[in-house]
Amino acid sequence: MDQSYEALLKKLKEQNIRLSHQRLKVLEYLSRHRCHPTVEQIFRELQAEVPTLSKTTIYNTLEVLIKAEIVRVVTIGGNETRYDIATDDHGHFKCESCGEIFDFTIELEAVPIQGLQDFTIVDRDAYFKGVCPRCL
Ligand SMILES: [Zn+2]
Ligand SMILES: [Zn+2]
């Protein structure tokens with residue numbers, strides 16, 4: 001499930017995408033903090049280190065990274081948009097008590113489904129909700 005920062009840089013290079021120093025900081029943050037942060041959170045946490053970074057830059061960077069399939073949007077519950085380094089298939093579990101989102105391994109390709117044989121599937125997600133061990 002792990003994607004190192006270096007591996008992500010390689011992925012960018014393969015797609016001929018060049019990121020400015022500020023933008024690289026956003027990518028670095030996402031690769032080091034697998035907490036599915038919101039833009040607000042990324043902004044707050046990077047402010048000290050990159051004072052020139054704006055929320056617009058973060059949004060624009062995320063857009064580029066989403067297009068490059070390096071980042072994916074997690075829209076589990078609520079109206080908050082969170083971001084995640086796109087890794088191999090994994091599901092998300094949201095704790096309804098503390099709001100934290102946890103990754104878990106799931107083989108989405110292996111989940112038996114019925115009724116979609118005439119459809120083209122472009123994306124699969126697994127969202128679970130409940131209470132995490134810390135809150136129990
Ligand atoms: Zn919890
Ligand atoms: Zn995740």
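Take 123-131, 53-61 and order them by the average number of nearby Cβ atoms within 10 Å per residue, most first; the result is 53-61, 123-131.
For the chain, the share of DSSP beta bridges that are antiparallel, to the nearest 5, is 70%.
Here the accessible area is traced with a 1.4 Å probe on the protein chains. For segment 1-131, carbon and sulfur cover 47 percent of it.
Of the complete DSSP H runs in the chain, those spanning 15 angstrom or more by Cα along the long axis with a mean Kyte-Doolittle score not below -0.5 are 55-67. Please give the FRET efficiency for VAL131 paired with ASP89, using the beta carbon to beta carbon distance and R0 = 30 Å, rounded to the nearest 0.05. Calculated value: 0.80. Taking the Cα centre of segment 70-136 as origin and assigning +1 to Lys and Arg Cβ atoms and -1 to Asp and Glu Cβ atoms, the resulting dipole is close to 280 debye.
One Cα centroid belongs to segment 27-72, the other to segment 80-130; the line between them spans 21 Å.
Of all lysines in the structure, the ones whose alpha carbon falls short of 21 Å from that of LYS10, not counting any fewer than 8 places away in one chain, are LYS25, LYS67.
Projected label points at ILE121 and ARG32, each 7 Å from Cα along the beta carbon direction, are separated by 3.7 nanometres. With kT/(6 pi eta Rh) evaluated at 4 °C and eta = 1.567 mPa s, and Rh the Kirkwood radius from Cα pairs, the chain diffuses with a coefficient of 79 µm²/s according to Stokes-Einstein.
At an R0 of 35 angstrom, the distance between the Cβ atoms of GLU40 and LYS10 translates into a FRET efficiency of 0.75. Across segment 100-112, rounded Karplus estimates of 3J(HN,Hα) from the backbone phi angles (6.51 cos²θ - 1.76 cosθ + 1.60, θ = phi - 60°) give 6, 10, 10, 8, 9, 7, 8, 8, 4, 5, 8, 6, x Hz, Gly and Pro being marked x. Computed over protein heavy atoms with a 1.4 Å probe, the accessible surface of the chain works out to 64 Å² per residue.
The values are calculated or read from the model by the stated rules, or taken from the named source; none is laboratory data. What you see is a predicted model, and the numbers here were worked out from it, not measured in a lab. Ideal geometry is used to build each Cβ from the backbone, glycine not excepted, and the neighbour counts take in all protein chains shown. Keep in mind that these areas ignore ligands, DNA and RNA; they rest on the heavy atoms of the full protein, side chains included. Shrake-Rupley method; radii C 1.70, N 1.55, O 1.52, S 1.80 Å.
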